[in-house]
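Contents: one structure, followed by commentary.
FYI, it's all coordinate maths here, none of it is from the lab. Nothing here was measured: the structure is a model prediction, and the numbers come from that model. Cβ placement follows ideal geometry from the backbone for every residue including glycine, while neighbour counts extend to all protein chains displayed.
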Amino acid sequence: MDRAAVQAQISRIAARMAREKDRGQVARYIPELAQVDPQQFGIAVAPIKGEVILAGQAEQPFSVQSISKVFALTLALSRAGAGLWQRVGREPSGDPFNSIVQLEYEKGVPRNPFINAGAIVISDVLLEGRDQQAAIADYLAFLANVTGESQVAIDPAVWASERATSARNRALAQFIAAEGNLRHPVEEVLELYFQQCSLALSCAQLAKAGRYLAAGCREMGAGPVSLPVSRARRINALMMTCGCYDASGDVAYRVGLPCKSGVGGGVLAIVPGVAAIAAWCPGLDEKGNSKLALEALEDLAQSMSWSVF
Ligand code: GLN
């Protein structure tokens with residue numbers, strides 16, 4: 001990978017995004033996220049080997065929100081293996097991330113692990129054999145491991161804010177429980193889900209965290225993250241088809257890389273065999289994906305000729 005070319009492109013993109021007037025709308029349904037300054041923009045590229053390349057506010061922590069669903073799925077697959085797919089599907093939903101409609105038709109089996117309903121089932125899997133405190137400790141240890149930090153942290157204000165405005169997620173969890181697809185108390189499952197979403201990472205940390213998906217375990221060397229290359233490919237496939245909810249097809253068309261977004265304004269994108277990219281800008285489009293982070297990824301992918309197609 002040509003590091004100088006990547007640095008030049010992301011510096012240009014950060015300058016372009018700073019000038020952009022139409023920045024979307026910050027998420028308002030989680031009050032703490034409504035406080036975030038929409039003027040901010042950061043981008044980081046973490047090559048499989050070598051230092052991370054930064055531009056804009058790439059070291060400013062933000063709430064990863066639904067991007068956490070990638071890490072939770074990775075952990076759940078390493079514990080439960082393919083049996084997981086009895087309880088959650090692998091199809092795009094074509095509906096908003098917090099939609100409830102399919103759950104009734106499909107008997108409490110969420111369409112995929114990257115919408116809220118699916119991630120709630122994944123939280124339930126992560127509670128298998130451990131209590132909620134141990135489960136969140138495992139999740140944070142995994143994130144510390146993949147980011148290379150000594151520790152990573154939940155933002156307590158975002159966590160409290162999510163819990164206080166959680167009626168819709170509670171409805172999803174209760175419905176799944178009613179269909180027999182939760183094995184632990186709804187309250188415990190939801191607490192783990194809210195905590196995992198409230199993780200704060202910077203673009204630099206998030207890009208580093210995504211490197212295991214770009215590399216698979218073989219190329220990652222002797223680190224403690226053990227992920228078969230075949231599993232990384234499959235998680236990337238789900239990011240491509242389901243990672244941006246009912247905009248996943250449009251994002252595949254525009255960016256051409258597996259992407260996972262969150263309502264905190266972050267997007268993680270994977271260039272298999274090359275790098276992981278994190279872009280962040282708090283304002284969202286009408287589908288709940290960061291407007292400018294997606295524009296930045298589209299620009300970078302085109303200018304570096306990065307695409308899985
Ligand atoms: N915590 C958010 C929620 O549950 C995550 C949604 C998202 O990032 N799309 O609604």
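List of remarks:
- Among the listed pairs K107/K291; K21/K208; K69/K107; K21/K69, those whose Cα-Cα separation exceeds 24 Å are K107/K291; K21/K208; K21/K69.
- Kirkwood-based Rg to Rh ratio, segment 39-150, C-alpha trace: 1.03
- Here the average projected area of the convex hull drawn through the C-alpha atoms of segment 226-273 stands at 3.7 nm².
- Inter-label distance, nm, simple model (7 Å from Cα along the C-beta direction), E51/Q174: 5.3 nm
- Computed on the chain, with alpha-carbon pairs under 8 angstrom and 6+ residues apart, the relative contact order is 27 percent.
- Cα-based convex hull, the chain, per residue volume (Å³, whole number): 113 Å³
- Prolate is the label for segment 235-309, because the ratio a/c of its alpha-carbon gyration tensor axes (a ≥ b ≥ c) is 1.5 or higher and a/b is greater than b/c.
- Placing +1 on the Cβ of every Lys and Arg and -1 on the Cβ of every Asp and Glu, with nothing else charged, gives the chain a dipole about its Cα centre of roughly 620 debye.
- Shape category assigned to segment 1-72 from the gyration tensor of Cα positions, a/c cut at 1.5: oblate
- Using alpha-carbon coordinates, inclination of helix 3-19 to the longest axis of the chain, degrees: 80 degrees
- Interatomic Cα distance distribution for segment 162-275, bins of 5 angstrom, percent: 2, 10, 16, 16, 18, 17, 13, 6, 1
- Farthest toward the positive end of the dipole of segment 1-82, out of I30, T74, Q7, is the Cα of T74, where the dipole comes from beta carbon charges about the Cα centre.
- Over segment 87-183, the Kirkwood radius and the radius of gyration, each from Cα atoms, give a ratio Rg/Rh of 1.00.
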